[in-house]
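Okay, structure first, notes after.
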Amino acid sequence: MGLDGSTIIAKINEGFGKTLSNIGIIIAFGSIIGAFLEKSGGTAAIANYLLRLIGEKKSPLAMNLTGLLVSIPVFCDSAFIILASLNKALSKKTGISIVVFAVALSTGLYVSHVFIPPTPEPLAAAAALKADLGLVILMGIALAIPTAFAGYLWAKISGSKLEIKEVESKKSDAIVESKKGMLAVFFPILIPILLIALRSVADYPSFPFGQGLLYKACSFFGNPLVALFIGILFAMQLVDKGITIKSRLGWVTNALKEAGVIILITGAGGALNQLHRIDFSELDHRLAKCEIIAACDVSNPLTGINGASLVFGGQKGGNSKELKQLDKSLLHYTLIIQSDVGVEVNAIAGAGAAGGMGAAMAAFFNAKLMRGIDLIINLLQLEKHIQQADLVITGEGKIDTQTLYGKVVMGVAGIAKKNQVPVIAIAGKVEDEMEEIYTLGVSSVFSIVNKPMDLSEALGNAGRLIVSCTENIMRIVKIK
């Protein structure tokens, strides 16, 4: 606010481009290394090597260290899935709770994910601060090791007190392990880190390697792009000769697809992070005299575990890493609002509605946020009508856990429960877990889809399906 349109667009482009110019290709190269380590069995080989080295009695520590290593090139959620079966097998063999293994592995994975480039988060932070990537890696490792060990100790102390009932899987617990030597398996991870670190040492003000040929070699091969490209070459050597070129290209394609979305989200976060202040000098003064009510369909805050990105971003195609990046950028946005406007938007229920529009309405226009269903209930005097009813039928497109956050079904059910009137809800899609919805006033839930069909068919026949479902419900009511 206070900037003309062309300046705003320029700032968005600047933030987006500045972020991606430093890290875009690096993220892509790191993703390719991770894909080859995963598909060739290198990740499993590292886990089993550390297990043999440390011993079964300290196998949770081995999994913790495995997570610390493999999460550098392999995305942490993928690595957890790859190693989950090994965790399960070790738990059965040693008698140690699966919770201990899960926590130990998870903390190792996430510590690397947070502290050590080329994972996207520390890489983006280094780019934003114009920090030396080699020093960030060295300092990240120095922080990651004790932090991961603390996670291991926490797993041992608290995890051993917990037990979970394991669901037996029909799938085999066997995982593919690379047949290459351990040096070959470690090289794709260690060589890039070593080269980038050497470049940082070579650039130290005292020039410990001089300024001759050795210095130039360290500067060239320690460039993150060159170092990670060398890592890709080492990773490709892990693949068995029997794997076709087509399959290998498929791995690269999938890695780049995954990296592409992360690069886009990271760039978008960089654009939002260009926000430095909010200027109200050109805001129309008449707005201050207006009472504005914003109808929100949900009560979620803007950021955090129940915020706009983490709750609703998955519906738009974002994965866990991307949603965390968006959530961090929105947190930056809330801090600027609090500093310049004096409104703590994250404490306002409904601030996360409509992708954060609720926060903007409350902060910039002093709007009162009200659940949309409550507004409609008041306008229609719905409670008076429900008091005179024997049965209420309501519905929405999809009934799931998000229905609990103030959507139509729960608004209607709340009034009906207060007046002891049964409620039947119908929807196009119904999730499996309905227990909490039932306790809040919904008597029964029905899906209008009455046979296997794709989305286009369901949408095309929605009217007929609603009529058919309602007729069947009323036939049941008639039996009574």
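Observations
- Taking the numbered list (1) among the small types (Gly, Ala, Ser); (2) in a helix (DSSP H, G or I); (3) modelled with pLDDT under 85 in turn, Ala174 passes all entries but (2).
- Spans of strands (runs of 3 or more DSSP E) in the range 363-477 with at least 2 residues farther than 30 Å from Val341 by Cα and modelled with pLDDT under 90: 392-399, 423-430, 444-447
- Residue within the range 257-275 that is part of a loop (DSSP other than H, G, I, E, B), at pLDDT below 80 and more than 21 Å from the chain's Cα centre (by Cα) present: yes
- Residue in the range 154-161 that is in a loop (DSSP other than H, G, I, E, B), in contact with a helix residue (DSSP H, G or I) (Cβ under 7 Å, 6 or more places away or on another chain) and either surrounded by fewer than 21 Cβ atoms within 10 Å (Cβ to Cβ) or at pLDDT 65 or above (or both) present: yes
- Top-ranked residue of the range 395-429 - restricted to ones that are crowded, with 18+ Cβ neighbours inside 10 Å and closer than 13 Å to Ile448 by Cα, ranked as farthest from the chain's Cα centre (by Cα): Ile424
- Filter pass, Leu238 being among the hydrophobic types (A, V, I, L, M, F, W, C) and in a helix (DSSP H, G or I): no
- Every residue from the range 278-294 that is over 37 Å from the mean Cα position of the chain (by Cα) and of a type in the set (A, V, I, L, M, F, W, C): Leu287, Ala288, Cys290
- Selection count, the range 36-49, where residues are over 20 Å from Leu228 (Cα atoms) and buried (at least 22 other Cβ atoms within 10 Å of the Cβ): 3
- A count restricted to the range 297-307 and to residues that are at pLDDT below 75 and closer than 12 Å to Leu326 by Cα stands at 0.
- Test: residue in the range 13-26 that is at pLDDT 80 or above, over 23 Å from the mean Cα position of the chain (by Cα) and not acidic (Asp, Glu): no
- Qualifying residue in the range 59-71 (condition: under 24 Å from the mean Cα position of the chain (by Cα) and at pLDDT below 80): yes
- Test: residue in the range 198-220 that is assigned to a helix (DSSP H, G or I) and in contact with a Ser or Thr (Cβ under 8 Å, 6 or more places away or on another chain): yes
The values are calculated or read from the model by the stated rules, or taken from the named source; none is laboratory data. Bear in mind the structure is a predicted one, so any value in this text is a computation, not a measurement. Methodologically, a virtual Cβ is constructed for each residue, glycine included, from the backbone with ideal geometry; neighbour enumeration extends over all protein chains shown.
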